[in-house]
1. In deg cm²/dmol and to the nearest 500, what is the mean residue ellipticity at 222 nm of the chain if only DSSP H runs of at least 4 residues count, each as -39500 (n - 2.57), divided by the residue total?
2. On the principal axes of its Cα set, how long, how wide and how thick is region 18-157? Give whole Å, largest value first.
3. To check you understand DSSP bridge types, tell me what percent of the beta bridges within region 94-202 (both residues inside) are antiparallel, rounded to 5.
4. Can you give the accessible area of Asp149, probe radius 1.4 Å, in Å² rounded to 10?
5. Note down the accessible area of His193, probe 1.4 Å, to the nearest 10 Å².
6. Taking amide H atoms as placed 1.01 Å from N in the peptide plane, list the residues 5 or more away in sequence, or in a different chain, whose amide H sits under 5 Å from that of Val176.
7. Ordering Ser62, Ser97 by accessible area with a probe of 1.4 Å, largest first, what comes out?
8. Report, to the nearest whole %, how much of the accessible area of region 131-179 belongs to carbon and sulfur atoms, 1.4 Å probe, protein only.
Amino acid sequence: QAPAGPRHQPDVRMGIVYYTRPSRNEIIIPATIRAIQARLGAERVIVKRYTLTDLAAAIKASEVDVFLASSGFYRMMVEHGARDLATLASVEEPNPSKNDGSTFVVRMDSPIATLMDASGTRLGASSPTAFLGYLAGLGEVARQGGNPDRFFRETIFFGGDYGADKLLEALRQGEVDIGIFRRCWLEDHEAGHLADKGVFRV
């Protein structure tokens with residue numbers, strides 16, 4: 001009987017979410033891909049980028065083996081079989097349990113002074129499945145006593161990737177009254193767009 005040949009190893013399907021840009025998390029993506037390829041073989045690692053909604057669908061359908069996304073999104077996927085392997089920490093943000101958050105932003109001349117003042121207004125957000133760009137903000141509405149299902153008159157979604165830039169422009173033009181952004185997104189944006197300093201406020 002001939003000896004058995006080497007066992008074929010299946011491909012590893014890796015999903016990467018389109019982070020809302022600019023994102024401090026993006027710097028880890030190439031290094032993470034290289035580390036996995038070095039361990040498993042570059043030819044075996046199939047990398048695909050997804051929107052949040054599409055990545056959620058792919059996870060539920062078992063179409064990805066490993067994925068990179070926010071910790072909040074990961075927690076939502078636990079009920080569909082996801083489990084954590086690693087998390088991100090840095091010198092600037094050493095505690096991964098306190099690195100994420102959401103920020104409500106308005107124009108500087110807005111009459112909205114507190115979150116509860118925003119009742120009945122038009123909200124801009126990332127996507128219905130975005131943890132930091134939508135859901136965590138609705139959680140704060142509920143924590144302060146509002147009904148997140150009826151608190152805002154209308155919600156407009158601008159998507160991930162460069163969607164936050166579109167949301168900020170809609171806020172500038174008065175197309176929405178308040179927007180939900182990932183914590184520190186506005187500060188990172190203003191660092192590269194000095195003319196926007198003083199135009200918006202948290």
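The values are calculated or read from the model by the stated rules, or taken from the named source; none is laboratory data. Note that the coordinates shown come from a computational prediction; the quantities given were computed from them, not determined experimentally. Note: accessible area is taken over every heavy atom of the protein model, side chains too, but ligands, DNA and RNA are not part of it. Shrake-Rupley method; radii C 1.70, N 1.55, O 1.52, S 1.80 Å.
1. Working: 6 runs with 55 residues, N = 202.
Result for the chain: -7500 deg cm²/dmol, rounded to the nearest 500.
2. Its Cα atoms span 56, 36, 22 Å along the three principal axes.
3. Values: 6 of 12 bridges.
Bridges in region 94-202 that DSSP calls antiparallel: roughly 50 percent.
4. Accessible area of Asp149: about 140 Å².
5. 100 Å²
6. Residues meeting the criterion, in which the H sits 1.01 Å from N, are Leu171.
7. Numbers: Ser62 80, Ser97 105 Å².
Descending order: Ser97, Ser62.
8. Details: 1170 of 2520 Å².
That fraction is 46 percent.
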